[in-house]
Amino acid sequence: MASYNKVILMGNLTRKPEVRVTQGGTSVCKLGLAVNRRFKDQTGEWKEEATFVDVTFFGKRGEAFAKFHDKGKPAFIEGSLRLDTWDDKKTGEKRSKLYVVGDDWQFVGAGGGARESSPSSDDGGAGGYSGGYGGAAESAQGGAHLDSDDTPF
C-alpha cells in the first residue's frame, strides 16, 4: 500500500528558534509552533484551542529560518511527520515523540511572499539550501542582500 506523509502548518512560534550544530557539521534548528483551531461548542459559542507542535529543520534552511523568525512571529511550514522512539534511562520504559521535520517555510504577514525551499538532495534533507532569502522582499529592494535590521516585520 502506498503512503503519503505531508504536513502543512501555519501558526505562531512559541519560543525563539534554537540552532545547534552536530559533530558532523549539520545545523539543526528546533522550534515550537502554536496552531489554533477555532470551532463552535455545543452551546454555539466560538472557542479557540491551541495545538503545540515541535518542528525541526536541518541545514541551511534551519539557519535561515532562525535568522528571520522569533518568538511570537507567524510562520508557514511544510514538512513531514517523524516518530522518535527510545528507552527512558530512569524507568527503562519505551518513550516516543511525534514531531514535524520541516522541508520548506514561507514568510507570513507583512512583507510575506519569500519562500524557502530546495530540491531533494543526497544529504537526507540535511542541506540543499536553494539560495537567497529574498523573493518579494528582495525584489522590493532591487535584489539587495537583506540584513535582519532591513526586514520590514
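Going down the list Lys16/Lys47; Lys67/Lys94; Lys47/Lys73; Lys73/Lys97, which pairs span over 30 Å between their C-alpha atoms?
Lys67/Lys94
Read phi for every residue in the stretch 10-24 and hand back ³J(HN,Hα) as whole Hz from Karplus 6.51 cos²θ - 1.76 cosθ + 1.60, θ = phi - 60°, with x for Gly and Pro.
Working through the residues one at a time gives 9, x, 10, 5, 8, 7, 5, x, 10, 10, 10, 10, 6, 4, x Hz.
How big is the gap, in Å, between the Cα center of the stretch 78-100 and the Cα center of the stretch 1-36?
Here the answer is 15 Å between Cα centres.
Would you mind calculating the gained length between Thr22 and Lys67 on full extension (0.36 nm times residue separation, minus the Cα-Cα distance), in nm to one decimal?
Extra length from Thr22 to Lys67 when fully extended: 14.4 nm.
Tell me which lysines have Cα within less than 29 Å of Lys90's Cα, excluding those fewer than 8 residues away on the same chain?
Lys30
Calculate the spin-label point distance for Ala34 paired with Phe52, positioning each point 7 Å from the Cα along the beta-carbon direction, and give it in nanometres.
Computed distance between label sites Phe52 and Ala34 equals 0.9 nm.
Figure the gain on full extension for Ser80 and Asp41 (residue separation times 0.36 nm, minus the Cα-Cα span) and round it to one decimal in nm.
My answer for the length gained is 11.0 nm.
Give the long-range amide H neighbours of Arg15: residues separated by 5 or more places, or on another chain, with amide H under 5 Å away, using H modelled in the peptide plane at 1.01 Å from N.
So Arg15 has HN proximity to Gly32, Gly72.
Taking loop as defined by DSSP and a crowding limit of 14 other beta carbons within 10 Å, which trypsin sites (Lys or Arg not before Pro) in the stretch 15-45 fit?
Qualifying residues, ordered by number: Arg15.
Each value in this text was obtained by applying a stated rule to the coordinates, not by laboratory testing. This one's a predicted model, so the numbers in the text were calculated from it and none came from an experiment. Virtual Cβ from ideal backbone geometry, glycine too; neighbours counted across all protein chains shown.
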